[in-house]
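Peer 1: Below is a structure I'd like to ask you about.
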Amino acid sequence: MKIIIPRIPNSATKSDLQRFVMAGLKRRFRLAFLTKPQIVDCDVVRIKDARGSAERHGIVTVVPDRAGDTLAKSLHGTRLNGKRLAVRPFVNRKHKPIRFDPERNRRRSNLNIERELLAETEGYDQFARVLASIAG
């Protein structure tokens, strides 16, 4: 099951997110499941809209599915790098045209979604300096 951690702090890295979720797994799941819950995948995505504002979200895949539900409930309201987070199960909503009232559609159009590819061991600032030195 995928869980989403919306609006993570800008200072949070993928490894911070993994540690955050692992701490929740260790704290919450001692004898609750026959199969030990595991993180299968962990990503930080950046979503930019047409105006240029950006949001960062964490998407974590946990098995078994029942562990994902319990994990989302146990991590909801906890803090990562000082920011309280809302953690919930990820729901894949396909974009469907609104038939009745397009003005009530809350979905934003023209979003650019990209996976963050950062060198976690070096940190973002150092990684940016290395890229700048290569580029110029």
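The values are calculated or read from the model by the stated rules, or taken from the named source; none is laboratory data. Treat the numbers as computed from the prediction; the structure is a model and nothing was measured. Cβ coordinates were reconstructed from backbone atoms using ideal geometry, including for glycine residues, and neighbour counts include every protein chain displayed.
Peer 1: So how many residues does segment 35-59 have that are assigned to a loop (DSSP other than H, G, I, E, B) and not β-branched (Val, Ile, Thr)?
Peer 2: 7
Peer 1: What are the residue pairs meeting all of these: first residue in segment 60-81, first residue within 10 Å of LYS2 (Cβ to Cβ) and at pLDDT below 90, second residue among the hydrophobic types (A, V, I, L, M, F, W, C) and assigned to a loop (DSSP other than H, G, I, E, B), Cβ atoms under 8 Å, and 6 or more apart or on different chains?
Peer 2: Listed by first residue and then by second, the contacts come to ASP65/MET1; GLY68/MET1.
Peer 1: I would also like to ask the following. Could you check segment 37-53 and list, in sequence order, the residues that are in contact with a Lys or Arg (Cβ under 7 Å, 6 or more places away or on another chain) and over 17 Å from LEU85 (Cα atoms)?
Peer 2: Within segment 37-53, just ASP49 meets the criteria.
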